[in-house]
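Laboratory data are not the source of any read-out in this text; all were calculated from the coordinates shown. Predicted, not measured: the structure shown is a model, and the values here were computed from it. Quick reminder, even Gly has a Cβ in these numbers, built from the backbone with ideal geometry, and neighbours come from all protein chains shown.
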Amino acid sequence: MDEYFLHYLWKFQKFDHKPFRLTNGSELQVFYPGYSNQNAGPDFLEAKIRIDNIEWAGAVEIHHRASDWIHHNHQSDKKYHGVILHVVWVADKDIQLPDGTIIPTFQMADYQNGSLEADYRKYINQPVNIKCASFLHRIDPLTITNMLDQALVERLSQKSDKILGLAKSCGGDWEKVTFRILAENFGFSVNNSAFEAWARTIDFSLLNRYSDQPDKCFALAFGQAGFLDDPPDAYAEELKGEYLHLKNKHQLSPMMERHHWKFSRLRPANFPTVRMAELLTVYLKKQGFFSSLIHTSDIKEVNKLFKSELPAYWKNHYDFGMKLQKRINNLGQASIDILIINVVAPLLAAYSRYIDDQQYMDRAVQFLNAIAPEENKITREWSALGLSINNAADSQALIQRYKNYCIKKRCLNCNIGIAILHSRP
C-alpha cells in the first residue's frame, strides 16, 4: 500500500462511515488530523482527537503495517515517544512505547470501501510521466498558480540548502560563498564538478589581495587548474612564471591537472579555459560581487554585473596557443539568464533564510519572473499539455514539480493531484 495514499486518507479524512473504533474497541473521534510534518519525526503533528472520554493532542504516525514501526526503528527514536495515535492499514502487531504503554491503533482499512483506492491506483499507474496530463484542462487556473508558487519556493529552498551549508563552512563569508557558487555554475553543466573542485583549491584571500593585479589572479586561477604545465605561447609562459612565484610565496596546493577538465564536443566558446577567463573578468570587475548583488532590486543592474569585456587574448583564443578565426563574444543573455537562475536567485534565497529577511526571497522570485523561461525536455513536455510558461519562475517551478513529484508518483503531495482525486464522483 502506497503511504502517500494513506497520508491522503488521513489528512482529508476520506473514510466511509463513523464512529471509528480502535483495534482495542475504544471509540475514536478526530477533531483535527494534524498538519503534515516535512521534517524528521512523526508524519502529522498537533493532531486533536478523543479516545472514549479523554481528549488528546499530539503526533500521529502512519504506516502500511503496524509492524513497520519496528522495521523503521521508531522504538529507539525519542521523537516518536510522544505519538498519541498509530494509523495503519493493517494492524498486525501491538506497538509499545518505552514505558510499556500500547499505542492506540486505528486500522483505516476497516473504513474504506475500496473504490477510492481503485481510482487512485488507476490514476497513478498511467503510462505517462505527468499523470495529470489529461486532466489539466479541467483544473481551476488558481490551483495551477498555487502549485507553481509552492513549487518555486520549494525549489529555491532546496537549492539554497547547499549554499547555507557552504556559508557555514566558509565562516559566513558570503563573498567567498558567491565566488564558489559562481565558479561551479560557470562550468555550465559539463564542467560543473571540475569548476567546483578548482574553486576549492583557490585561496580566496589571494584573489582579494591581488584583485587590482589581474595578471596575478589569472596566473593563480589557470595555474591551480593545471592549464600552465606546458605553456605553448608567450602569454602562457608569462602566466606560468607568475604562478610559480605565487605558488612558492604562498605555498599553494593542491593543483588540478588538465585531464580533470572536459573539452570534447564543446564549442570553443564553452571551453573551460574561456569560461574561466569569463568568470575572472566578471568577478574582478568589481570588489564585493555579493554586496553589489544584494543592494540591487533592478534586473538590469543584475545583468550589468555579468557584462564584462574579456581580455584581448581570450577574445581570440579558446585555449592556450589555440587561436580562433572569429572573435569570442562576451557572455550572451542566454548564459546570463542561466547564471541568474542558478546563482543569483539561489544566493538571494539562501541569504534570506540566513538572516531571516523575506525581502531577499521575494527579490529572487522577482528576478526569475523578469527573465525568459528555460527551454528543455521537461518544459517542452509541459508546454505540449497547453500550460503557459511565461518566465523562468514558471520553468523552474515546473522542473521542480516534474523531478520531485511527477516521476516519483507523488501526486498526492501535489494540490493538482489532490484536486483530481477529490473530484471523483
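Each residue of the range 317-328 in turn: what ³J(HN,Hα) in whole Hz from Karplus with 6.51, -1.76, 1.60 and θ = phi - 60°, glycine and Pro shown as x?
10, 10, 7, 4, x, 10, 7, 10, 6, 10, 4, 7
Considering the chain as a Gaussian network with a 10 Å cut-off on Cα pairs, which listed residue, ALA345, ALA47, ALA393, attains the greatest mean-square fluctuation?
ALA47
Across 5 Å bins from the origin, how do the percents of Cα pairs in the range 3-113 run, short distances first?
With 5 Å bins starting at 0, P(r) equals 2, 12, 25, 29, 22, 8, 2, 0.
Per residue of the range 47-64, what does 6.51 cos²θ - 1.76 cosθ + 1.60 with θ = phi - 60° give for ³J(HN,Hα)? Whole Hz please, x for Gly and Pro, Karplus curve as stated.
So the Karplus estimates, Gly and Pro as x, are 5, 10, 9, 10, 10, 6, 9, 10, 8, 10, 9, x, 8, 10, 10, 10, 9, 5 Hz.
Which entry in (i) 88, 51, 38; (ii) 72, 46, 46; (iii) 65, 56, 38 is this structure's computed Cα extents along the principal axes in Å?
This structure yields the entry labelled (i).
Measure off 7 Å from each Cα along the Cα-to-Cβ vector at GLN158 and SER383, then give the distance between these two points in nanometres to one decimal.
Going by the 7 Å Cα→Cβ label model, 2.2 nm.
Between the range 256-270 and the range 283-344, what is the C-alpha centre distance in whole Å?
19
Hey, what angle do you get for helix 192-201 against the long axis of the chain, alpha-carbon based, 0 to 90 degrees rounded to 10?
Here the helix axis deviates by roughly 70 degrees.
With θ set to phi - 60° and the Karplus curve 6.51 cos²θ - 1.76 cosθ + 1.60, what are the ³J(HN,Hα) couplings of the range 29-41 in order, to the nearest whole Hz, using x for Gly and Pro?
With coefficients 6.51, -1.76 and 1.60, one gets 10, 10, 7, 8, x, x, 9, 5, 8, 8, 10, 5, x Hz.
Sum -39500 (n - 2.57) across every DSSP H segment of at least 4 residues in the chain, then divide by the residue count to get the 222 nm mean residue ellipticity, nearest 500.
Working: 19 runs with 195 residues, N = 425.
After summing the helix terms and dividing by the residues of the chain, the value is -13500 deg cm²/dmol.
What residues have an amide H closer than 5 Å to that of THR105, excluding those fewer than 5 places away on the same chain, when H is modeled at 1.01 Å from N in the peptide plane?
When sequence neighbours closer than 5 places are left aside, the close amide H contacts are THR23, ASN24, HIS86.
Give the lysines reachable from LYS18 as a straight Cα distance under 26 Å; neighbours fewer than 8 places away on the same chain don't count.
Leaving aside lysines fewer than 8 places away in the same chain, those within reach of LYS18 are LYS48, LYS93.
Under a point spin-label approximation (7 Å from Cα along Cα-to-Cβ), what is the MET322-MET1 distance to one decimal in nm?
If labels sit at MET322 and MET1, their model points lie 6.0 nm apart.
Between 0 and 90 degrees, rounded to the nearest ten: what's the tilt of helix 234-250 against the longest Cα principal axis of the chain?
60
Restricting things to Cα coordinates, could you compute the convex hull volume per residue of the range 170-331 in Å³? Could you put the intermediate results ahead of the total?
Values: hull volume 19.0 nm³, N = 162.
Normalising the Cα hull of the range 170-331 by residue number yields 117 Å³.
Can you sort LYS131, LYS403 from fewest to most other Cβ atoms within 10 Å of each residue's own Cβ? List each step's numbers first, then the result.
On the way: LYS131 21, LYS403 12.
Exposure proxy ranking, most exposed first: LYS403, LYS131.
Sorting check: for 405-413, 164-172, which peptide has the highest mean count of neighbouring beta carbons within 10 Å, and how do the rest follow?
Highest to lowest by the protection proxy: 405-413, 164-172.
Relative to the longest principal axis of the C-alpha atoms of the chain, give the angle of the C-alpha long axis of helix 141-169, reported between 0 and 90° and rounded to the nearest 10°.
The helix 141-169 is inclined about 60 degrees to the chain.
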